[in-house]
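The values are calculated or read from the model by the stated rules, or taken from the named source; none is laboratory data. Keep in mind that what you see is a predicted model, and the values were worked out from it rather than measured. All Cβ positions, glycine included, derive from the backbone under ideal geometry; neighbour counts span all protein chains shown. Heads up: the accessible areas ignore ligands, DNA and RNA and are worked out on the full protein's heavy atoms, side chains in. Shrake-Rupley method; radii C 1.70, N 1.55, O 1.52, S 1.80 Å.
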Amino acid sequence: MLAERVAFHPSAPLGALAVLAATGSAGIIELVLTNEERLLVEPVLLERLMLNPALRTDQRGRILELLDR
């Protein structure tokens, strides 16, 4: 799946990850959340994830934990 490749690629463009974060399904969100280091460096990704209607409660909790670091 293309979304998986983009989410896991270490040098994926920020714009592509932002689209996945904003519009992806809960499964895609899970993939984006695996790269915590990138999420902390690129706060726009966290913002997009929080606005995604597919975000599950447990995923929101993980994001809030990241923001507390």
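Here is how the numbers come out for the structure above:
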| quantity | calculated |
| --- | --- |
| Volume of the Cα convex hull of region 27-67, divided per residue and given in Å³ | 58 Å³ |
| Enclosed volume per residue, in Å³, of the convex hull spanned by Cα atoms of the chain | 70 Å³ |
| Using θ = phi - 60° and Karplus 6.51 cos²θ - 1.76 cosθ + 1.60, couplings along region 55-62 (whole Hz; Gly, Pro as x) | 5, 7, 4, 5, 5, 4, x, 4 |
| Solvent-accessible area per residue, Å², over region 24-69 with all protein chains present [probe radius 1.4 Å] | 59 Å² |
| Pairwise FRET efficiency - ASP58 versus GLU37, Cβ, R0 = 25 Å, nearest 0.05 | 0.80 |
| Contact order normalised by residue count of the chain, Cα under 8 Å, 6+ apart, percent | 31 percent |
